[in-house]
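Note sheet for the following structure.
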Amino acid sequence: MMGPAHSLSGAAAWLGVGAAAAAAGHTMPWPVLVVGALITAGAALAPDLDHKSATISRAFGPVSRGLCDIVDTLSHAVYKATKMRGDSNRNGGHRTLTHTWLWAVLIGAGASAAAITGGRWAVLGILFVHLVLAVEGLLWRAARVSSDVLVWLLGATSAWILAGVLDKPGNGSDWLFNAPGQEYLWLGLPIVLGALVHDIGDALTVSGCPILWPIPVGRKRWYPIGPPKAMRFRAGSWVELKVLMPVFMVLGGVGGAAAMNLI
């Protein structure tokens, strides 16, 4: 999938979680619903850190481009070190390490650990990074014609405002984990969800996605999970643009309304 579809699917997934929580009698505070949807939209772009031409590679200028080079090299090295006889030879690391359930869990756990040990500045950093990515994904047309600095300023300002809203009693800094010292522990959840939604989206495309690594499937450790080939589509095709993206918008709207007990 392309960046906009990944971000839309990520936001829709979190709003769906909010709807499920409301149905179970545990309605999310509205700031958690909004911030979680934006974080998930941004996190749904992050697995493409292994792709030098992806949206995330442009999001933070030379810093993200350099990081993409490092992650691509690391992913390729892990692929070569762990592949089995049935796995093909590869020249790069795209759709390998960062497109697995293990990566999603580790990145989410790392974000949660940073949030509860690093204090407010760590929380602001997590919000800033993911809000910038959310702008790049959800508002991609505007982001492409805008300067990077304006996008960064929007991300920084939004992060500061939303963190201030969450900090107020009852607004969700201690949502789900309310023991002393566990504020913002939940921030890792939308990050895990965003990464997994990205992987599922890529699994629907022609190449599939090795979500299950390092669990071997047959003679392959990097087995490309996906539906039957007749049901797959090419990234950026009309199926993605004309069918899936409108579906994600509708599902997100319904999920958001249900999460706020409006329907």
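The values are calculated or read from the model by the stated rules, or taken from the named source; none is laboratory data. The shown structure was predicted, so the numbers you read here are calculated from the model rather than taken from an experiment. Note that we place each Cβ from the backbone using ideal geometry, even for glycine, and neighbour counts take in every protein chain shown. When the accessible area is computed, the model is the full protein with side chains, heavy atoms only, and any ligands, DNA or RNA have been set aside. Shrake-Rupley method; radii C 1.70, N 1.55, O 1.52, S 1.80 Å.
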Exercise. Which length gain, in nm to one decimal place, applies between Arg90 and Lys229 when the Cα-Cα distance is subtracted from 0.36 nm times their residue separation?
Worked result: 47.9 nm
For this session: With an 8 Å cut-off on Cα pairs and a minimum separation of 6 or more residues, tell me the relative contact order of the chain in percent.
Result: 33
Problem set entry | Anchor Lys83: lysines whose Cα lies under 25 Å away (excluding residues fewer than 8 positions away in-chain) | Lys52, Lys220, Lys229
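Is there a quick way to get the dipole size of region 1-130? I mean about its Cα centre, with the Cβ of Lys and Arg at +1 and of Asp and Glu at -1; what is the value in debye to the nearest 20?
Roughly 240 debye, rounded to the nearest 20.
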For this session: State the answer as a single residue: which of Ala159, Ser146, Leu176 lies farthest towards the positive end of the charge dipole of region 101-221, with beta carbon charges of +1 for Lys and Arg and -1 for Asp and Glu, about the Cα centre.
Result: Ser146
Exercise. Any idea how far apart Trp238 and Val63 come out in nm if each label point goes 7 Å out from Cα toward Cβ?
Worked result: 4.2
Exercise. Using +1 on the beta carbon of Lys and Arg, -1 on that of Asp and Glu, and nothing else charged, what's the dipole of region 59-161 about the Cα centre, debye to 20?
Worked result: 280
Exercise. Rg and Dmax of region 1-155, Cα atoms, in Å?
Worked result: 16.7, 50
Exercise. What does the convex hull of the alpha-carbon atoms of region 162-263 project to on average, in nm²?
Worked result: 10.0
Exercise. Which distance in Å, rounded to a whole number, links the C-alpha centroids of region 161-216 and region 36-71?
Worked result: 16
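Under a Cβ-only charge scheme (Lys and Arg +1, Asp and Glu -1), can you give me the dipole magnitude of region 155-263 about the Cα centre, in debye to the nearest 20?
Details: 8 positive and 6 negative charges, 148 e Å.
Result for region 155-263 is approximately 720 debye, rounded to the nearest 20.
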Seminar exercise, completed: Projected onto the charge dipole of region 165-251 (unit charges on the beta-carbon of Lys, Arg, Asp and Glu, signs +1, +1, -1, -1), the Cα from Phe248, Val192, Gly218 with the largest positive-side position is that of Gly218
Problem set entry | Helix-only CD estimate at 222 nm, as mean residue ellipticity for the chain, using -39500 (n - 2.57) per DSSP H run (n ≥ 4) | -20000 deg cm²/dmol
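Could you give the semi-axes, largest first, of the ellipsoid that matches region 98-162, computed as the square roots of 5 times the alpha carbon gyration tensor eigenvalues and rounded to whole Å?
Values: eigenvalues 115, 59, 9 Å².
Square roots of five times the eigenvalues give 24, 17, 7 Å.
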Problem set entry | Label point 7 Å beyond Cα of Ala24 along Cβ direction - residues of region 165-191 with amide nitrogen under 15 Å | 175-178, 186, 189-190
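Quick check: at a probe of 1.4 Å, how many percent of the accessible area of the chain sits on carbon and sulfur atoms?
Details: 8700 of 12690 Å².
Exposed carbon and sulfur together represent 69 percent of the surface.
Rounded to the nearest whole Å², what accessible area per residue is found for region 39-189 with the 1.4 Å probe?
On the way: 7390 Å² over 151 residues.
In whole numbers, region 39-189 has 49 Å² accessible per residue.
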